[in-house]
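Everything on this sheet refers to the single structure shown next.
What follows draws every value from the coordinates through simple rules; no lab data is involved. Source: prediction; values computed, not measured. Positions of Cβ are backbone-derived with ideal geometry, glycine not excepted, and every protein chain shown enters the neighbour counts.
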Amino acid sequence: MPTLAPVTHDLQTYGLVLLFGLVAIEGCGVPLPGETALATAAVLAGDGRLNIVAVIAVAAAGAITGDNTGYWIARLGGRALLARIPLVRDAVPRFLPRGERFFERYGSRAVLIARFFAGFRITAAWLAGLSRMPWRRFFVFNAAGGILWSLLVGLVAYEFGRAAETAVARYGLYAALVILVLAAIAFAAHRVWRQRRAPVERPDAR
């Protein structure tokens, strides 16, 4: 589990530049806590130390930039690079044809939802590049996924604060969604309870 205190301290010190860097480098294929950084920055925005619109915009820009960088690295020289890594070299002939078939069949949808899964978030761009998925199609669906991811994680953490931040860091985005759903259910139940408790108006007796 990523430790929240150092991330919070670094974001307070370096702000949106660090957020962009962590999200972008994670998108290139390096396992850094980009999602945790986004949730933490959104919490800081809730405390008035950052601007939530800027946080979401910077995270989306970092996601799109990093993913496209990873895509082009993989497409232009990824096979040669992987062939030089002993632990990966022998696995490439097995997983690459499967990845190519997967992206041929589910490419657009896979790229769209990749940001919402931790393991897929750092590998989807590489798989798309290695599989030579058309760049324009990759760009459109990747951008849509990056923007949706930034909005969802950012707004959940902004609205529900430290609880959402901790949940995202420990359990991933699904925990944030659970928090959002539970909060919505609690709000709806509270409104129904208040309506039932309200006095019933009766017509004046004639």
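Placing pseudo-labels 7 Å out from each Cα toward the beta carbon at A57 and V30 gives an inter-label distance of 2.6 nm. Modelled label positions at L151 and F139, each set 7 Å beyond Cα in the direction of Cβ, lie 2.1 nm from each other. For the range 124-141, putting each phi into the Karplus relation 6.51 cos²θ - 1.76 cosθ + 1.60 with θ = phi - 60° gives couplings of 4, 4, 5, 4, 5, x, 4, 7, 6, 4, x, 4, 4, 5, 4, 4, 4, 6 Hz, in residue order, rounded to whole numbers and with x for Gly and Pro.
Please report the net charge: other residues with Cβ closer than 10 Å to the Cβ of G27, K and R +1, D and E -1. Net local charge, G27 excluded: 0.
Site pair R109 and D47 shows an inter-label distance of 4.1 nm when each label is modelled 7 Å from Cα along Cα→Cβ.
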